[in-house]
Amino acid sequence: MDKETLKELDRVQESLGFKSRSKLLRATLSSLLGEYKLLESIKGHVDAVFMVTYRSSEKHGVSDLLHEFEDSIKTVVHQHHVGICLEVLIVCADAKRIRELFALLKKDRGVRSVSCSVL
């Protein structure tokens, strides 16, 4: 990890009260695995809410990715904040399509964070 990321991890570790960076990383991985396990278990038509943050400089790449899902994204709320964009997406689609969107957003280098809540 680069120095900036390590600094941020240390800041979050202290802020959340984790005794070590290792414990913070285990909790983070556990959260990701739990979220993905839920997504793996869903079947059929699903309604979900995605929260996505990304750097404003990456807006074109993220926008292009989201346009590939315009058949499934029913509502978008966009908020700007000092170089960062927040997208709240209401997505209605087959479970497979929901998982596909989640995976693509998680892998995208321009995306800072993704969370998905299945309704």
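The table that follows gives values for the structure above.
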{"read-out": "Selection status of R11, open to solvent by 90 Å² or more (accessible area, probe 1.4 Å) and on the phi < 0 side of the Ramachandran plot", "value": "yes"}
{"read-out": "The stretch 66-81: number of residues that are surrounded by 14 or more Cβ atoms within 10 Å (Cβ to Cβ) and of a type in the set (S, T, N, Q)", "value": "1"}
{"read-out": "Residues located in the stretch 46-65, provided they are surrounded by 14 or more Cβ atoms within 10 Å (Cβ to Cβ) and within 21 Å of E35 (Cβ to Cβ)", "value": "V46, A48, V49, F50, M51, V52, T53, Y54, V62, L65"}
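Conditions tested, residue by residue: (1) under 27 Å from L9 (Cβ atoms); (2) at pLDDT 90 or above.
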{"position": "K43", "(1), (2)": "no, yes"}
{"position": "V52", "(1), (2)": "yes, yes"}
{"position": "H67", "(1), (2)": "no, yes"}
{"position": "H78", "(1), (2)": "no, yes"}
{"position": "G83", "(1), (2)": "yes, no"}
{"position": "V88", "(1), (2)": "yes, yes"}
{"position": "R112", "(1), (2)": "yes, yes"}
{"position": "C116", "(1), (2)": "yes, yes"}
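The values are calculated or read from the model by the stated rules, or taken from the named source; none is laboratory data. Only a predicted model underlies this, so the values are computations on that prediction, with no experimental measurement involved. All Cβ positions, glycine included, derive from the backbone under ideal geometry; neighbour counts span all protein chains shown. Note: accessible area is taken over every heavy atom of the protein model, side chains too, but ligands, DNA and RNA are not part of it. Shrake-Rupley method; radii C 1.70, N 1.55, O 1.52, S 1.80 Å.
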